[in-house]
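K.L.:
Below: one structure in structure tokens.
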Amino acid sequence: MNRLMRHHGAGGKVRALASAAAVFLASATALGQASLPVNVGETVHTFQASNDLGRTVVTLVDTTPTGLTGAVPGTNFLAPIFWNQGAGANEWTADNLGQVYGVTIDGAANPNIYVTSAVTRIIYPNSLPFEAVFGPLGPGGIYRLDGTTGAICPLVALPSDADSGLGNITFSPQHNSLYVTNFADGLIYRVPVGACPLPQGVPLPTYDHGLQGRPAEGLTAIADSGQTGPTQLGRRVWGVAVHPTENRLYYGVWWEGSSVGANPTEDNEVWSVALDASGNPIAATANREFAHPALQPSFSNPAAGLSFSNTNSLLVGERTASGAHQSRLLEFTGATGAWVAQPTNKYKVGVSDASCGGGGMSDCQGNVWTAGDGVIFGPQVSYGLMRIPNGGNAADTPSWTNSICIDSDQQPTDTQDKTQIGTLWHHRGACEQPCGRVNPVGLVPQIDATGAATGCWTYTFTITNTSGQPVQFMLIPDANVSPNVIPFIPALANNATSANITVTICNVQPGPFSFPIVLMNTNNEECCRLEGDVEIPDCFNTPVRPRAICTTAGCSLSLTIQPLDFPVGHVFIWPVSPATLGVNPTYYPIAIPQFGQQKINIPFSGVGVGEQMCVRVFIHTPDLRECCEQVICVTVGRECPDCPLPVSCDSIDFNNDGLFPDDADLVDFLNVLAGGTCSNDPFCNDLDFNNNGLYPEDNDLMSLLSILAGGECID
């Protein structure tokens, strides 16, 4: 096929392209196709398109147990893949995206995919074409691949040039932000996630390791030279990740490597910096975590990818920026300021045990996925993904013996894809370790001296700290909750559970309510954030059905209660109006299961037939830990000829369903008038709607119709 190549190098060449894309499509079509959305257990993978812009540069690979059905360790497996095939301008090809490297996903229900522009001569230096190939946003482009449709959206272009491009990208759900490294200026950009394209004028906060990070450790600042091309070594950053519980941004610093030579005085490094509540780095907290162990004879390659495993160890994926087979997947355990290197051969990647492409991520079972520049070599040849079993493969010779391997372009018999393999993002989803756990204890309304609810609730809970650090303070930055600062004395240790914490929640409607919780360590640094979730009860979703009737034996209010949120064990009745209203008794111990119903009869006095009475009804769980309240008003009816006549009609809520005026009132009235039943039988008001002592008569019906129409009662 022939395509016009997007070329930002000299000459703007037109290249006749090979038909490898057609071979790729035919090969993959013979397999089962994967599909969006990105499900837990699937992997998004980037790679270079070589000399055919019609080839894909991003694929979604089904690496779930279902997708890996039939995979045999130590051999190449053709897993189901997806690249939005057939979508024209929205296919994930070099023609639409240019060459890309960095990849991550966001926290949407159907996660969106984000990829970053790559300069061939830096990231894929030995691949064809040697010229820079970019999408419509140029060398600083970030693209979003829609998590539902796969459509390509140009998110934003960072300032870069055709000799530099971008490094890598990660997403922080805690701050709903992307963090992107830029080879051109050495800055890490925070890009908010939301609208795409990003509206003009939205600020993009930056962090400068050379000018802000190094001085925090007492090291000489390194300013950007301002020249075209990559910024200087020592301020050049690549891999990036956010620690899920420390709330620190980790990043790899590039000092040396196979493409730039060994540095006699400096080693490649991993640094971190704390993030504030908005997700911006706090420069004064920058910390040099560790240097890479040397790769024989005397240098290492830079950390192109960082990630935290399902046990919060740090995986460091090196990348050979010139050639191949000189980059490792390293693991460090511990926490900021105290990382411990694990054996360098714990995770051996492909050929020479050191063919890591710059990425490594664990799955929920502790297996580690990585991208390798030669994951199988002989008798098969495979370049692409490799799943190393939980615990590593140090004892495996060759390294792929017990690993599942997937060729990136699904053509393991074609020529070698040397230096064309990019990186990956494995969707671990639900097994991500949380910052902490909120353990509810109880929720009760606050009642004033008159027995009325104040509208506020007292919520009691405990918190289990899983942040990895001792926690000194808990902050609740929500105006509806108080107090907002809660100290732990002594500090709450990691994995410990606090004593009961009690807060007041006000001005919140019934239903789900969430409030932010920020955990602070003993240095008053933010560890991490989580959500407190509470259900503000509304046990009167289904109305209490009232009926007040006076007979020769006295007056009684009947209430049928149906709780929807919790079982009921106690009911309290409080008279509201008129002032002459008396209720006795005011307490009823009953047992109503959730969604059940029960009728109680409450004797009252001081209110005549035809008058309205109001009571406040409180219901409580059997253990009195939760309750809600509601004022119930009803017009008193009569069932005796000697009762005094009222001066007005009964309530127009004839069927007592809490909805009035509505058609059901009229329908129920006519049904009862004709000898039928009421939809809320036996809870309808009597047929003498106008309370003139004559019933049933035309004036009862006419009165109901008149009031429904907004008129007067006919007596």
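K.L.:
Has segment 124-134 got any residue that is crowded, with 22+ Cβ neighbours inside 10 Å and touching a Phe, Trp or Tyr at 6+ places or on another chain (Cβ under 7 Å)?
P.N.:
No; the residues of segment 124-134 include none that is crowded, with 22+ Cβ neighbours inside 10 Å and touching a Phe, Trp or Tyr at 6+ places or on another chain (Cβ under 7 Å).
K.L.:
Hey, another quick one. Working only within segment 72-92, note down all residues that are touching a strand residue (DSSP E or B) at 6+ places or on another chain (Cβ under 6 Å) and hydroxyl-bearing (Ser, Thr, Tyr).
P.N.:
none
K.L.:
State whether the residues of segment 164-187 include one that is more than 30 Å from residue 470 (Cα to Cα) and surrounded by fewer than 20 Cβ atoms within 10 Å (Cβ to Cβ).
P.N.:
no
K.L.:
Related question: Step by step: first the residues of segment 499-534, then only those that are aliphatic (A, V, I, L, M) and farther than 20 Å from residue 454 by Cα, then the one that is farthest from the chain's Cα centre (by Cα). Which residue is that?
P.N.:
Here is the first cut: in segment 499-534, the ones aliphatic (A, V, I, L, M) are 499, 501, 503, 505, 508, 517-520, 530, 534.
From what is left, the residues that are farther than 20 Å from residue 454 by Cα are 499, 501, 517-520, 530.
Working: 499: 28, 501: 26, 517: 15, 518: 17, 519: 19, 520: 22, 530: 11 Å.
This residue is 499.
K.L.:
Residue check, residue 574 against (1) of a type in the set (Phe, Trp, Tyr); (2) surrounded by fewer than 18 Cβ atoms within 10 Å (Cβ to Cβ); (3) at pLDDT below 80, all met but one. Which one?
P.N.:
(3)
K.L.:
Under 23 Å from the mean Cα position of the chain (by Cα) and surrounded by fewer than 17 Cβ atoms within 10 Å (Cβ to Cβ): which single residue out of 294, 277, 221 fits that description?
P.N.:
Values: 294 fails: under 23 Å from the mean Cα position of the chain (by Cα); 221 fails: under 23 Å from the mean Cα position of the chain (by Cα).
Going through 294, 277, 221 in turn, the sole match is 277.
Yes/no per residue for (1) closer than 20 Å to residue 145 by Cα; (2) crowded, with 21+ Cβ neighbours inside 10 Å; (3) at pLDDT below 90; (4) of a type in the set (S, T, N, Q):
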{"site": "11", "(1), (2), (3), (4)": "no, no, yes, no"}
{"site": "22", "(1), (2), (3), (4)": "no, no, yes, no"}
{"site": "36", "(1), (2), (3), (4)": "yes, no, no, no"}
{"site": "50", "(1), (2), (3), (4)": "no, yes, yes, yes"}
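K.L.:
Can I ask one more? Could you please tell me which pairs satisfy a Cβ distance under 6 Å, a separation of 6+ or placement on different chains, a first residue in segment 477-498 that is touching a residue at least 60 places away in the same chain (Cβ under 8 Å), and a second residue that is in a strand (DSSP E or B)?
P.N.:
Going by the 6 Å Cβ cut-off, the qualifying pairs are 477/516.
K.L.:
Under 6 Å between Cβ atoms, at least 6 apart or on separate chains: pull out the pairs that start in segment 68-88 with a residue that is more than 18 Å from residue 42 (Cα to Cα) and end on any residue that is at pLDDT below 95 and crowded, with 17+ Cβ neighbours inside 10 Å.
P.N.:
none
K.L.:
Is it the case that residue 258 is within 15 Å of residue 358 (Cβ to Cβ), surrounded by fewer than 24 Cβ atoms within 10 Å (Cβ to Cβ) and either aromatic (Phe, Trp, Tyr) or more than 35 Å from the chain's Cα centre (by Cα) (or both)?
P.N.:
yes
K.L.:
Step by step: first the residues of segment 455-479, then only those that are surrounded by fewer than 14 Cβ atoms within 10 Å (Cβ to Cβ) and either at pLDDT 90 or above or not hydroxyl-bearing (Ser, Thr, Tyr) (or both), then the one that is farthest from residue 523 (Cα to Cα). Which residue is that?
P.N.:
Restricting attention to segment 455-479, the residues satisfying the condition of being surrounded by fewer than 14 Cβ atoms within 10 Å (Cβ to Cβ) are 455, 458, 477, 479.
If we keep only those that are either at pLDDT 90 or above or not hydroxyl-bearing (Ser, Thr, Tyr) (or both) too, we end up with 455, 477, 479.
Details: 455: 37, 477: 19, 479: 25 Å.
Once the filter is applied, the top-ranked residue is 455.
K.L.:
Now a separate question. Name the residues in segment 580-605 that are more than 20 Å from residue 637 (Cα to Cα) and either in a loop (DSSP other than H, G, I, E, B) or in the same structural domain as residue 445 (by TED's automatic domain parsing) (or both), would you?
P.N.:
Here is the first cut: in segment 580-605, the residues more than 20 Å from residue 637 (Cα to Cα) are 585-598.
Within segment 580-605, 585, 586, 593, 594, 595, 596, 597 meet the criteria.
K.L.:
Do you know which of the residues in segment 558-579 that are of a type outside the set (A, V, I, L, M, F, W, C), under 14 Å from residue 630 (Cβ atoms) and part of a loop (DSSP other than H, G, I, E, B) is nearest to the chain's Cα centre (by Cα)?
P.N.:
Applying the first criterion (of a type outside the set (A, V, I, L, M, F, W, C)) to segment 558-579 yields 558, 560, 562-563, 565, 567, 569-570, 575, 577-578.
This time we only want the ones that are under 14 Å from residue 630 (Cβ atoms), so: 560, 562-563, 565.
Adding the requirement that they be part of a loop (DSSP other than H, G, I, E, B) leaves 562-563, 565.
On the way: 562: 35, 563: 32, 565: 27 Å.
Residue satisfying both the conditions and the ranking: 565.
K.L.:
Sticking with this one: Quick test of your reading of the structure: residue 369 fulfils all but one of (1) assigned to a loop (DSSP other than H, G, I, E, B); (2) closer than 18 Å to residue 63 by Cα; (3) at pLDDT 95 or above. Name the failing condition by number.
P.N.:
Against the list (1) assigned to a loop (DSSP other than H, G, I, E, B); (2) closer than 18 Å to residue 63 by Cα; (3) at pLDDT 95 or above, residue 369 comes up short only on (1).
K.L.:
Right, something else. If we scan segment 651-660, do we find a residue that is modelled with pLDDT of 75 or more, surrounded by 15 or more Cβ atoms within 10 Å (Cβ to Cβ) and out of contact with any Cys (no Cβ under 9 Å at 6 or more places or on another chain)?
P.N.:
no
K.L.:
Need at least 3 residues that are not acidic (Asp, Glu) per element, so show me which strands (runs of 3 or more DSSP E) inside segment 189-275 make the cut, counting only ones lying wholly within it. Break it down stepwise before answering.
P.N.:
Working: elements: 206-208, 237-242, 248-253, 269-274.
Hits in segment 189-275: 237-242, 248-253, 269-274.
K.L.:
Then there's this: Quick one: would you say residue 407 is over 21 Å from residue 314 (Cα atoms) and touching a Lys or Arg at 6+ places or on another chain (Cβ under 8 Å)? It would help to see each step written out before you state the result.
P.N.:
On the way: over 21 Å from residue 314 (Cα atoms): yes; touching a Lys or Arg at 6+ places or on another chain (Cβ under 8 Å): no.
Criteria not met by residue 407.
K.L.:
Residues of segment 329-366 being in a strand (DSSP E or B), farther than 22 Å from residue 467 by Cα and not hydrophobic (A, V, I, L, M, F, W, C), which ones? Break it down into steps so the answer makes sense when it comes.
P.N.:
Taking segment 329-366 first, the residues in a strand (DSSP E or B) are 329-333, 340-341, 347, 349, 354-362.
Filter once more, so that each one left must be farther than 22 Å from residue 467 by Cα: 329-330, 347, 349, 354-360.
347, 355, 357, 358, 359, 360, listed by residue number.
K.L.:
Is it the case that some residue within segment 202-215 is in contact (Cβ under 8 Å) with a residue 24 or more places away in the chain, crowded, with 24+ Cβ neighbours inside 10 Å and in contact with a Phe, Trp or Tyr (Cβ under 7 Å, 6 or more places away or on another chain)?
P.N.:
yes
The values are calculated or read from the model by the stated rules, or taken from the named source; none is laboratory data. The structure presented is a predicted model; accordingly, all values stated were derived computationally and were not measured. Note that each Cβ is placed from the backbone with ideal geometry, even for glycine, and that neighbours are counted across all protein chains shown.
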